[in-house]
Amino acid sequence: MENFVVEGGVRLEGTLTVSGAKNAALPIMTAALLADGECVFRNVPDLNDIATLGKLLSHLGCTVKRDGPAHRVRVDTSGLGDVEAPYDHVKRMRASVLVLGPMLARFGRARVSLPGGCAIGARPVDQHLKGLAKLGAEIELAEGYIEARAPGGLWGAEVHFDLPTVGGTENLMMAAVLASGRTMLVGAAREPEVEELATVLNKMGANISGAGTDVVTIEGVKELHPPDHAIIPDRIEAGTYMAAVALTGGDVLLKGARVDHMGSFIDRLVEAGVTIDATAEGIRVKREGDILPVDIRTAPYPGFPTDMQAQMMTLLCLARGRSVIEEKVFENRFMHVAELQRMGAKISVRGSLATVTGVDGLSGAKVMATDLRASASLVLAGLAASGLTEVLRIYHIDRGYEDIVSKLSSVGARIKRVPGMA
């Protein structure tokens, strides 16, 4: 076990490069299951979640080669044979369920353990299963596994989601690309990662239109071929570092960050008094004056991302006034509040509402990370706090932030990994 030790009070300055998007890379890697041969994916972040999915794909019979320094992953599906994704491989990461759609589409059957992941609230897969059933799959839940069969193949249908679901939209898109006829996904998720998956599938020979809107149309094709594709930059990583710069009154260029993927978050940062400039290289973030209070309500894209709620809350802990944050996506995503309170934050929670009253400063403390984004928010708090902050259980961060110590250190942060108690 390792911990982070952060010495606060240092202004962040310089240039930092944003990694490829984890939440785009994971479904794109599972899309390799739809084609025969070697797929090449570039700008893939070197993360524990990527390694976990690589192990699952290897279990299924793929040959997975990672070139970490080059951020390249090769997935050769020539040896595919197993159609079972067992619990030991799926329990660590929810995205593992995304092998269900492509395996069912290509082989007519799949057995996938119900997924795990961060403990941030209920994230059922019922929308995935309802949609696959509409495409003709026979679904059974038994002994903690999803058992799906389509002995006659899948066929196109109109699928209405009860609510926008990123994973459900991605699973259904991958299932429908090899189905007979036309599929329409109504009420689909609109996230850039969904649009990116559609781009890759179309490169592979699929016929998908409307990705990035709430109605996605898929015309089934007979077969797909392996792609060579570079992953988009990670908007959540970029947003996290933007919040860090704002907290420290810094001035940093985030190379590769895309304004077009971050509209709602950037709007709230500007409202909070942060200067944002789009450049040819990325996004420059700067704060000189006070942090101003902002009210936030999380929502599916293009609304304010729930994955940036904890980081934004940390920023608003130092605002000149009171902010209200309403969490509308996950019901259990205020677990970082108690840890921020240990550092001197003034936050009260009632149901899905958190009221943040700005304080003059935070103080370093020993804090416990509870999930991926909460972990990041505590590191950010440590950057702005006086004294030392020790963040425990940082394995959460290693799931979603590539080499965070080196990146923050490169712009002046005083942060290091230290051995922790087992």
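The values are calculated or read from the model by the stated rules, or taken from the named source; none is laboratory data. Every value quoted in this text rests on a predicted model; they were computed, and no experiment measured them. Backbone-built Cβ (ideal geometry, glycine too); neighbour counts: all protein chains shown.
Screening the candidates 246, 206, 238, 211 for the property of being closer than 28 Å to residue 309 by Cβ, assigned by TED's automatic domain parsing to the domain that holds residue 42 and hydrophobic (A, V, I, L, M, F, W, C) yields one hit, 211. One residue stands out among those in region 221-236 that are of a type in the set (Asp, Glu) and part of a loop (DSSP other than H, G, I, E, B): the one that is farthest from residue 153 (Cα to Cα), which is 234. A count restricted to region 343-377 and to residues that are farther than 20 Å from residue 290 by Cβ and crowded, with 18+ Cβ neighbours inside 10 Å stands at 13. When region 44-85 is examined, which residues are found to be assigned to a loop (DSSP other than H, G, I, E, B), among the aliphatic types (A, V, I, L, M) and under 19 Å from residue 114 (Cα atoms)? Residues satisfying the conditions are 60, 83. Among the residues of region 86-116, those identified as basic (Lys, Arg) and part of a loop (DSSP other than H, G, I, E, B) are 91, 92.
Of everything in region 275-320 that's among the hydrophobic types (A, V, I, L, M, F, W, C) and in a strand (DSSP E or B), which residue is surrounded by the fewest Cβ atoms within 10 Å (Cβ to Cβ)? This residue is 278. Among residues that are at pLDDT 85 or above, farther than 18 Å from residue 194 by Cα, surrounded by fewer than 18 Cβ atoms within 10 Å (Cβ to Cβ) and assigned by TED's automatic domain parsing to the domain that holds residue 191, residue 59 is included. You will find that of 372, 315, the residue that is modelled with pLDDT of 95 or more, of a type outside the set (S, T, N, Q) and on the phi < 0 side of the Ramachandran plot is 315 and no other.
Residue 245 falls short of the stated requirement of being of a type in the set (A, V, I, L, M, F, W, C) and more than 22 Å from the chain's Cα centre (by Cα). Inside region 399-416, residues that are of a type outside the set (Ser, Thr, Tyr) and either in the same structural domain as residue 44 (by TED's automatic domain parsing) or surrounded by fewer than 19 Cβ atoms within 10 Å (Cβ to Cβ) (or both) make up a count of 5.
Can you tell me which residues in region 282-293 are at negative phi, in contact (Cβ under 8 Å) with a residue 40 or more places away in the chain and under 24 Å from the mean Cα position of the chain (by Cα)? Answer for region 282-293, where residues must be at negative phi, in contact (Cβ under 8 Å) with a residue 40 or more places away in the chain and under 24 Å from the mean Cα position of the chain (by Cα): 283, 285. What are the residues in region 237-265 that are assigned to a helix (DSSP H, G or I) and surrounded by fewer than 22 Cβ atoms within 10 Å (Cβ to Cβ), if any? Matches in region 237-265: 259, 260, 263, 264. Read through the list (1) β-branched (Val, Ile, Thr); (2) modelled with pLDDT of 95 or more; (3) closer than 19 Å to residue 46 by Cα, then give the number of the only condition that residue 357 fails. Failing condition for residue 357: (3). Does region 107-119 contain at least one residue that is among the charged types (D, E, K, R) and more than 29 Å from residue 302 (Cβ to Cβ)? The answer is yes; a qualifying residue exists.
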